Amino acid sequence: MTPIRHNGSARQDSSDGDAVLDAVRDCVLAVGVRRTTMTDVARRAGVSRMTLYRRWPDVRSLVGDLMTREWIAVATGAMPERRPGADTRTLLVDGLVAGVTAFRDHPLFHKIVDVDPELLLPYVLDRRGASQEALLELLAGALREGHADGSVRAAHAGRQARALLLIVQSFALSLRTMTDEDDADLTGAAFLAELRTILERTLTP
């Protein structure tokens, strides 16, 4: 545990880290990941390259931390505030559908898909990333609340969380391969309504 006397330093480190990740985001949005260099990031962040190398070995690790920060912010920002009369299942479904929409609208996601899509493949095919682990923890907590209030089908919370993430991840990453905006029944909005139905039916007791 970090001693209390180090809290100011920890806050400063966090602030510095955010400034660096902001700089990475600006670089990636401007030129993509492959054309971003540590020199570019250091210049935008106003720090030396050695400062960067003390925490990140390369641009890929910087982008990995950036994606973790951005995707977790999308997920937590999409979850609605608890409102009178709304059970956990309703809030969870609302948040997941809103999260898919926000993720797909995120400029960093668009840039990576358009310019550097291979960055996403390891997290789809080979392993879970830090953002996925954090999302699983959030989902499992919400599911346990739903089990407690009776609004969510009782099951192993960890397994349910992973299944939900598989569902919403496929919609978030692959939706545009299935939509046809010229057909009212196959628009993005129509598929998001279908996602809502899938989530409701899999979670309803």
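The values are calculated or read from the model by the stated rules, or taken from the named source; none is laboratory data. Remember, predicted model here, so these are calculated numbers, not experimental data. Quick reminder, even Gly has a Cβ in these numbers, built from the backbone with ideal geometry, and neighbours come from all protein chains shown.
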- Task: Taking only region 1-34 into account, find how many residues are over 22 Å from the mean Cα position of the chain (by Cα) and modelled with pLDDT of 95 or more.
- Result: 0
- Within region 131-171, can you find the residues that are more than 29 Å from residue 64 (Cα to Cα) and among the small types (Gly, Ala, Ser)? 146, 148, 150, 151, 154, 155
- Item | Any helices (runs of 4 or more DSSP H) falling wholly within region 28-100 and containing at least 3 residues that are out of contact with any strand residue (DSSP E or B) (no Cβ under 6 Å at 6 or more places or on another chain) and under 19 Å from residue 173 (Cβ atoms) | 59-78
- Message: Going through 120, 203, 164, 192 one at a time, which residue ends up being touching a helix residue (DSSP H, G or I) at 6+ places or on another chain (Cβ under 8 Å), among the aliphatic types (A, V, I, L, M), surrounded by 12 or more Cβ atoms within 10 Å (Cβ to Cβ) and closer than 25 Å to residue 63 by Cβ?
- Response: 120
- Message: With the requirement that a residue be in a loop (DSSP other than H, G, I, E, B) and closer than 19 Å to residue 36 by Cβ, what does region 114-128 give you?
- Response: 116, 120
- Item | residue 151 being of a type in the set (S, T, N, Q), buried (at least 18 other Cβ atoms within 10 Å of the Cβ) and either closer than 21 Å to residue 33 by Cβ or not assigned by TED's automatic domain parsing to the domain that holds residue 175 (or both) | no
- Query: Checking residue 111 against (1) part of a helix (DSSP H, G or I); (2) surrounded by 17 or more Cβ atoms within 10 Å (Cβ to Cβ); (3) not assigned by TED's automatic domain parsing to the domain that holds residue 146, which test does it fail?
  - Reply: (3)
- Item | Of all residues making up region 166-205, the number that are of a type in the set (S, T, N, Q) and over 23 Å from residue 72 (Cα atoms) | 6
- Message: I need the full set of residues from region 39-75 which are buried (at least 18 other Cβ atoms within 10 Å of the Cβ) and free of Cβ contacts under 8 Å to residues at least 40 places away in the same chain, in order please.
- Response: 40, 41, 42, 44, 45, 52, 56, 59, 74
